[in-house]
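The structure appears below as structure tokens.
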Amino acid sequence: MSDGTQEPQRTTTTDELDFAATLQNRPSATIEPAQRPAGGEAALAALQALAARPVDERLVVKQTLGEGGMGVVRLAEQRSMGRDVAVKTLREGARTADATLRALREAWVTGAIEHPNIVPVYDVAIADDGAPVIVMKRIEGRPWSHFLADADLVRERFDSRDPIEWHLRVLESVCDAVHFAHSRSIIHRDLKPDNVMIGTFGEVYVLDWGIAVCTEPDPSGRLPDLSTASEIAGTPSYMAPEQLMQEPSLLTARTDVFLLGAMLYEVFAGVPPHRGDNMQQVFASIIEASFYFGPGFPAEARAIAERAMARPQDERFESAAALKAAIEGYLRHRGSRKLAFHARKSLDRLLDVLATEPAGPARSASVFNLLGECRFGYRAALEAWPENASARQGLDRALVAVVEAELSEGDAFAAQTLLREVSAPDPALDDRVARAVTARSAEDERLRRLADDYDREAGTRTRMVLGVMMGVTWTLIPLVGAINELRGLPVTLGSIGWTMGAFAVLGALFRVWARDSLGKTQINRGMAATLAVQILAQFALLVAAPTMQLSAPRVMSLFVLTWALTKLLVAVWIERWFLGLAALDLLCFSLSAHVPSATLWLMSASNLVFTLVIVRLWLPQQDRERIQERRAALRARTRKILFGEWQSADKGDE
């Protein structure tokens, strides 16, 4: 419902429609601002004014950055971009047509191989006075040769802990640039550390393409043709042999590979490969291509350098990329060797501990830690370079040393586990470990059987049943005899004999029924044998009673004594708590000796206590828990009956 006022109408512009369409249909597209950016008119007008001016007026030349034999490089401001650039031109006295063409061709070559490791050329022109003007990116840095001569400078400027690796990474970047140039049919011919610039942030640039040649014809005439390279050109300290031959057809991409190898040589040797007291000696070194590798020159790096600088071109690396791959492999191997070197220190400490410290927990802890260090270091080295023989040998040596120690300390299984990690175990050691494991296994089996033999838990239920059977029997029989005596039926030796016979038969049947359980452990066998000895002793006593003129009450009193002695034996060999039962039997024996008429009552009481104790102590834990669960369930049902159902009935009445 309107309130009488009219809302102002809003106009939707085309730009707003485009914006809405972008949000709805093309969320990945860029949203451009509809308004023109403010300002910039003055800069645009200045650029238009500069367009008509000569090139030297478009640059504000500042100080000189460097000078060569013919050229000079100055710092300038490129007014059209408002940035500092390097401007290369010729000296006034060297501005010939040939020199101008050479300078421009260097710029054209550099511009043709635009690469992150090659200095960009922004523009080339001819000034009003005929001098070439080459506008390039300004590189703030130093030649690589400065860093090769000062390892501390590498550490200081680039925080490198390993100058050799840093230099090899620089050389890899040079290989990248050269390989790219080769893919564009350009050969540099003057690669050396002085022609590699290292920027402030570690950037690598290959410079000075002034004598580069193109191996493919260039219709434009900008790139120098290989056929024109009929004169000696390059830096003698680094030259390949074919650079002295003055035969253009001999110059190939592998010529640059030689020069890259020469720089690799200088990284390790600290000097260029060609040296001499005079130029004749230097030229002789170039032609012979024979180099001196000092004792500190790593073997693998030497092999790479020798192949890169091989006199026959076909024996060199086929490309700069292949040389870079070899350097990268060497760096991986070098890192692996470093890891192995540090692991060797742990190995030396491990061997020293094994040789000097006595066996014991302290030595075992040290050996465990040091072996862990060896394993970690050597395995890391092998992961970086699986063919690292020194790492493999060091790891094997550490493992074998600990295997020997474990054998001497009697831990055959630890020795066997460690021996499995040895790459090529000695057959004699393998045999020793196998025999030790066999002996240890046999000993462990013997101990296991011995432990099983004396396992108190095995056969507990059977022992309890046997004890209860004996206890109940000898509780009831004396009790019946005592009641009969009160009725005027005294116990005789004959009745004792019949009772003993029946008990012996019952015991024999039980022994047959429970033979597996009673024969399972030494404890059960001992108890069964002790019980048998007791019964035999009672039979012997009963047989000797007439001869010894012993009455039936005296025989039964002596039976109590045999029980006490039997329980003492069980207490000594099996269960300590039988001492209490033995003491009770001795007490009953003493009382019966003084009061013969109470013998049967004492026998019954003693066996009743024995039965209760047997049930309490030998009842298995799981049976106790089951009984407790049943008791709890019975109590719960009782409470439910007594309280729950009655309460329900009461509620119903209400």
Practice item. Cross-chain or 8 or more residues apart, Cα under 17 Å: how many lysine pairs in the chain fit that? Count them up, please. Key: 5
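Kindly identify the stretch 183-278 as rounded, prolate or oblate by the Cα gyration tensor criterion: order the square roots of the eigenvalues as a ≥ b ≥ c, call it rounded if a/c is under 1.5, otherwise compare a/b with b/c, prolate if a/b is larger, else oblate.
Verdict is oblate for the stretch 183-278.
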Practice item. Please give the helix 41-51 orientation as an angle from the longest Cα principal axis of the chain, in degrees from 0 to 90, rounded to the nearest 10. Key: 50 degrees
Point to revise | Degrees, to the nearest 10: 97-112 long Cα axis against longest axis of the chain | key: 30 degrees
Review point. Does the stretch 142-318 classify as rounded, prolate or oblate by the C-alpha gyration tensor (a ≥ b ≥ c root eigenvalues; a/c under 1.5 gives rounded; else a/b over b/c gives prolate, otherwise oblate)?
Key: oblate
**Study point:** Overall form of the stretch 50-138 per C-alpha gyration tensor (a/c, 1.5; a/b vs b/c)
**Key:** rounded
Exercise for review: Give me the distance between the Cα centres of the stretch 362-378 and the stretch 551-579, rounded to whole Å.
Suggested key: 60 Å
Point to revise | Difference of contour (0.36 nm per residue) and Cα-Cα distance, SER290 to ILE641 | key: 115.3 nm
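Local charge sum around ILE232 (other residues, Cβ-Cβ under 15 Å, Lys/Arg +1, Asp/Glu -1)?
-3
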Exercise for review: For GLN628 and PHE297, compute 0.36 nm times the residue count separating them, minus their Cα-Cα distance, and round to one decimal in nm.
Suggested key: 110.8 nm
Study note, to complete from the structure: Residues ILE198, ILE232 in order from fewest to most other beta-carbon atoms within 10 Å are ILE232, ILE198
Review point. Taking Cα atoms, how many degrees apart are the long axis of helix 361-384 and the longest axis of the chain, rounded to 10 and kept between 0 and 90?
Key: 40 degrees
Exercise for review: List the relative contact order of the chain as a percent without decimals, with contacts defined as Cα pairs under 8 Å and 6+ residues apart.
Suggested key: 7 percent
**Study point:** Within-15-Å neighbourhood charge of TRP166 [Cβ basis; K, R +1; D, E -1]
**Key:** -3
Check your understanding: Where does the chain land on the Kirkwood hydrodynamic radius, alpha-carbon pairs, in angstrom?
Key -> 37.2 Å
Check your understanding: Which loop GluC sites (Glu not before Pro) in the stretch 262-328, with loop taken from DSSP, have no more than 16 other Cβ atoms within 10 angstrom of their Cβ?
Key -> GLU318
Revision key, fill the gap. Among the stretch 530-569, those whose backbone N falls under 16 Å of a label point 7 Å along Cα→Cβ from LEU493 are 538-559
Check your understanding: So for GLU629, GLU485, fewest C-beta neighbours within 10 Å to most, what's the order?
Key -> GLU629, GLU485
Study note, to complete from the structure: Fewest to most Cβ atoms within 10 Å: SER185, SER557 sort as SER185, SER557
Revision key, fill the gap. Rounded to the nearest 500, the 222 nm mean residue ellipticity computed for the chain from DSSP H runs (n ≥ 4, each -39500 (n - 2.57)) alone is -20000 deg cm²/dmol
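Laboratory data are not the source of any read-out in this text; all were calculated from the coordinates shown. Just so you know, these numbers come straight off a predicted model, no measurement behind them. Because the Cβ atoms are built from the backbone with ideal geometry, glycine has one as well, and the counts that use them run over all protein chains shown.
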